[in-house]
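Structure first, commentary second.
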Amino acid sequence: MRLDIELFGARFQNPVLLAAGTCGFGQEVAEVVDLEKLGGLVTKSVTIEPRNGNPAPRVTEFAGGMLNSVGLANPGLAAARRDKLPWLAAHVVKARVFVSLAGHTIEDYFRLVEGLDGDAGFLGFELNLSCPNDAKRGGPPFALDSAALAEIVSGCRARTQRPLLAKLAPNDPDLGKTVRTATDAGADGLTLVNTIPGLLLRAGSGEPELGAGPGGVSGPALLPVGLRAVREAREHTRLPLLGVGGVLAPADAVAYARAGAALVQVGTASFAAPRAGEHLVRGLERWGRARGVAAWGEIVRGLAA
Ligand SMILES: Cc1cc2nc3c(=O)[nH]c(=O)nc-3n(C[C@H](O)[C@H](O)[C@H](O)COP(=O)(O)O)c2cc1C
């Protein structure tokens with residue numbers, strides 16, 4: 001099966017990207033993962049200032065996946081430009097890079113786009129509008145506030161010609177409206193979904209397992225949540241969709257394509273097996289060969305011409 005696909009004015013050699021926050025800025029995993037075999041990667045979310053993130057422990061496991069409260073730990077805008085983007089520009093050529101951005105104010109997103117737009121090393125931006133673990137910001141994420149969502153996406157749109165993805169939340173009571181808002185504000189694609197808020201308690205003490213208390217659920221438990229979100233989004237926009245949540249096996253990626261995603265992202269699966277993304281690419285080739293499917297694009301529902 002041919003896995004390459006044209007989107008956002010670029011060719012993706014296959015539809016498998018590493019999800020934001022699960023591969024650093026590429027360099028951190030490059031000794032183990034052959035990034036150039038992937039469709040692409042999304043960086044850790046960058047904020048204006050460096051952030052240490054939330055108190056440890058930040059990650060724990062349960063039968064259905066992972067709960068994390070990393071809290072957007074990242075080196076900040078200046079260090080990302082100085083140390084991270086030059087490495088990506090030099091080492092990641094065939095795989096497409098999106099830089100993920102996170103702010104605790106609307107203006108933060110504008111400053112981040114303005115600060116990074118002139119640099120080399122990446123194709124576009126993914127706006128993280130849906131992090132459940134931003135203690136500094138507090139309150140619901142921007143993706144659940146239509147007015148803020150519209151202002152951020154349209155303001156970023158006005159500041160860059162690069163492809164702009166909006167990453168949305170799974171716990172959205174009116175996802176269709178959110179999808180239409182992001183579309184009308186000028187996004188080029190939508191990423192669904194971020195982690196869903198959750199809590200795990202220690203069996204003995206009843207204390208939260210994570211240092212910050214609650215966190216975001218990812219992994220297999222998120223697969224049906226992400227699929228539902230992608231299918232619903234498909235009904236409300238013609239934009240390309242990126243499906244994320246619980247992707248591990250070829251069948252998971254194919255399910256996202258059938259729901260309407262043109263690309264998929266792999267997050268938690270890489271923690272158990274760092275080369276999960278590469279395995280998925282090979283698995284998809286085998287999946288198509290075994291079924292006589294000629295091209296990935298054939299199974300993507302609603303793919304705009
Ligand atoms: C440890 C960890 C850190 C994450 N950091 C980010 C982040 O910085 N920005 C972001 O948009 N999503 C972040 N995510 C969410 C993932 O990109 C993805 O949306 C989510 O984990 C669901 O995919 P999965 O089930 O394949 O892990 C993080 C997830 C995990 C597990």
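Some observations on this one:
- Within region 212-249, considering residues that are within 11 Å of the ligand (Cβ to nearest atom) and part of a loop (DSSP other than H, G, I, E, B), the one farthest from PRO141 (Cα to Cα): LEU248
- Filtering region 250-305 to residues that are more than 15 Å from the ligand (Cβ to nearest atom) and in a loop (DSSP other than H, G, I, E, B) leaves GLY260, GLY292, VAL293, ALA294, VAL300, ARG301, GLY302, LEU303, ALA304, ALA305.
- Residues satisfying the stated conditions in region 56-87, i.e. surrounded by 16 or more Cβ atoms within 10 Å (Cβ to Cβ), under 15 Å from LEU200 (Cα atoms) and among the small types (Gly, Ala, Ser): GLY65, SER69
- Across region 18-55, the qualifying residues are those that are over 24 Å from LEU165 (Cβ atoms) and at pLDDT below 95, and the one among them that is surrounded by the fewest Cβ atoms within 10 Å (Cβ to Cβ) is ASN52.
- In the set THR191, THR178, only one residue is without any contact (Cβ under 8 Å) to a residue 60 or more places away in the chain and polar (S, T, N, Q); that residue is THR178.
- If you check VAL70, VAL33 for being within 16 Å of the ligand (Cβ to nearest atom), part of a loop (DSSP other than H, G, I, E, B) and in contact with a Pro (Cβ under 7 Å, 6 or more places away or on another chain), only one passes: VAL33.
The values are calculated or read from the model by the stated rules, or taken from the named source; none is laboratory data. Bear in mind the structure is a predicted one, so any value in this text is a computation, not a measurement. Reconstructed Cβ throughout: ideal geometry from the backbone, glycine too, with neighbour counts over all protein chains shown.
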